[in-house]
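Since every read-out is calculated from the coordinates, none of them should be taken as a lab result. If you're wondering where the values come from, they're calculated on a predicted model, not measured in any experiment. When we count neighbours, we look across all protein chains shown, and the Cβ atoms used for this are built from the backbone with ideal geometry, even at glycine.
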Amino acid sequence: MSNGPEQDSPEAALDKRHLTAGSFPRRPATVTSAVLAAMLRGKQLTGLDAVTGASTTRLSDVVYRLDRQYDWTIQRRDMAAGTCDGRIAWVTCYWLGEATIAAAFDRGAAAWIESVAQARADQRQEVGKCRLIAARRNQIRLADPRQESLFEARYGN
């Protein structure tokens, strides 16, 4: 949480934080736009939510960009989560505060969210084509034969 305020610092007080809406990304068919649109709809997102909802494993990078490049005040907290292999993992949950969402809707967020939804739906029409292109690129790519069985040798997979 390098870009968020420390919990016990005076900057963490809501009355001292910047709660106005930032700027909307210009390109609606991006992961950044999809994440912001979800948060503007009141969603709280974790990394796993971003994998399933926006097809990215880099939610913290998107949040950082929304904060630094687009000037959005993103709230966050760490949460404990039980894993399927019996461990406790700490994950970060990100969301926009109610005042920030209200300010964004005053500045036209509803129309922008709709444009993001439409652009992402249009983009999903290209899934088959993109998968074919990716498969072709992966066939062309030369793999180091020493790495092919890296996990098999170590883990017996």
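Annotations for the structure displayed:
- If R0 is taken as 35 Å, the Cβ-Cβ distance between residue 41 and residue 134 corresponds to a FRET efficiency of 0.75.
- Computed from backbone phi with θ = phi - 60° and the Karplus coefficients 6.51, -1.76 and 1.60, the 3J(HN,Hα) list for segment 75-88 is 7, 7, 7, 8, 10, 7, 9, x, 9, 6, 9, x, 10, 9 Hz; x is used for glycine and proline.
- Chain lengthening between residue 141 and residue 126 when straightened (0.36 nm per residue, less Cα-Cα): 3.1 nm
- Proximity of backbone amide H atoms, modeled 1.01 Å from N, is registered between residue 73 and 22 at under 5 Å, excluding neighbours fewer than 5 places apart on the same chain.
- Prolate/oblate/rounded call for segment 81-132, Cα gyration tensor, a/c under 1.5 rounded: oblate
- Ranked by the mean number of other Cβ atoms within 10 Å per residue, highest first, peptides 34-40, 84-90, 47-53 order as 34-40, 47-53, 84-90.
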